[in-house]
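Asks: Handing you this structure, nothing more for now.
The values are calculated or read from the model by the stated rules, or taken from the named source; none is laboratory data. The model shown is predicted, which means the values in this text are computed figures rather than measured ones. Cβ placement follows ideal geometry from the backbone for every residue including glycine, while neighbour counts extend to all protein chains displayed.
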Amino acid sequence: MKNKETTQLYGEILEAVEQIESCKEFTSILPEVRTNLVYALSDAKTPHDVVGIDGRITVLNNMPYAAGKPRFGTSSHMARLILELMKVDSSIRAGINFVSTPELEQWLKKYCEQKGWKYSTIDRSKEPKKVIEKEGSSMPWKIKEAIKVAHGEVPKIFNEFGAVGKEDLFVLVGKNPVEVTTEACEIARAYTQSQKPAPKVGKIDLMTFTSFLLQRLGKKDSTVIVPPPPP
């Protein structure tokens, strides 16, 4: 049974990796530390029961690219995060992280509202000293904090920020890797599109008319005695 589940797990995460690698827009939300995608066995207890991408997902030829193969035990932070979430909701077995910026944060809050997703935050600067000092206490604290901010529910997306010397990151979680990569790619595409200048509508301005259109219009006609005056 375990071998069958392992085979299925590898198949699903490989499908998810292919999806990410074909999404050019995902490069716009790749963090400096690069992205990891994880998927846990249904009875996972340790990071060795969680598959991650060896070397993470980076950029090659302006496209997302998995630096290595999926492998059990290759992730630490994301694996422990999923394991902690599974204690609250065993159906949440996959997750992906991406960059957090003030602009993306503002946009993503509205996006989550439209989708009906629970959005949460983890401010690491508020982490109690006793939690920091005790080995293995940070992750349980972070997950409790994320759920507390989301009013007792496991959030779909949460923003982890405020840690000294660590990059701010978003984490998106779900039931399987294909689900989370589909949603992450949709976010990347929608956010990239939102950053493009809006097309101009209405009447053309005088400068564009005189410098571009007027130079390409009109035809000399010898029968016209009095042409229109120049603008």
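Asks: Can you tell me which residues in segment 6-27 are farther than 17 Å from MET63 by Cα and not hydroxyl-bearing (Ser, Thr, Tyr)? Outline the logic, then answer.
Replies: Pass one, segment 6-27, residues farther than 17 Å from MET63 by Cα: 6-13.
Residues satisfying the conditions are GLN8, LEU9, GLY11, GLU12, ILE13.
Asks: Exactly one of these conditions fails for GLU32: (1) modelled with pLDDT of 95 or more; (2) in contact with an Asp or Glu (Cβ under 7 Å, 6 or more places away or on another chain); (3) charged (D, E, K, R); (4) assigned to a loop (DSSP other than H, G, I, E, B). Give me its number.
Replies: For GLU32, the exception is condition (1).
Asks: Now for a separate question. Among the residues of segment 43-57, how many are closer than 25 Å to CYS185 by Cα, over 13 Å from the mean Cα position of the chain (by Cα) and either of a type in the set (S, T, N, Q) or crowded, with 18+ Cβ neighbours inside 10 Å (or both)? Let's see the steps before the verdict.
Replies: Here is the first cut: in segment 43-57, the ones closer than 25 Å to CYS185 by Cα are 50-57.
This time we only want the ones that are over 13 Å from the mean Cα position of the chain (by Cα), so: 50-56.
Now narrow it down to the ones that are either of a type in the set (S, T, N, Q) or crowded, with 18+ Cβ neighbours inside 10 Å (or both): 50-53, 56.
Final tally of qualifying residues: 5.
Asks: Checking SER90 against (1) surrounded by fewer than 16 Cβ atoms within 10 Å (Cβ to Cβ); (2) hydroxyl-bearing (Ser, Thr, Tyr); (3) in a helix (DSSP H, G or I), which test does it fail?
Replies: Here SER90 meets the rest and fails (3).
Asks: While we're on this one: What about GLU186, is it at pLDDT 70 or above, closer than 30 Å to TYR10 by Cβ and part of a helix (DSSP H, G or I)? Please lay out each step first, then the result.
Replies: Details: at pLDDT 70 or above: yes; closer than 30 Å to TYR10 by Cβ: yes; part of a helix (DSSP H, G or I): yes.
Criteria met by GLU186.
Asks: Based on what the data block shows, is THR181 part of a helix (DSSP H, G or I), closer than 23 Å to GLY52 by Cα and hydroxyl-bearing (Ser, Thr, Tyr)? Walk me through how you get there before you give the answer.
Replies: Numbers: part of a helix (DSSP H, G or I): yes; closer than 23 Å to GLY52 by Cα: yes; hydroxyl-bearing (Ser, Thr, Tyr): yes.
When the stated conditions are applied, THR181 passes them.
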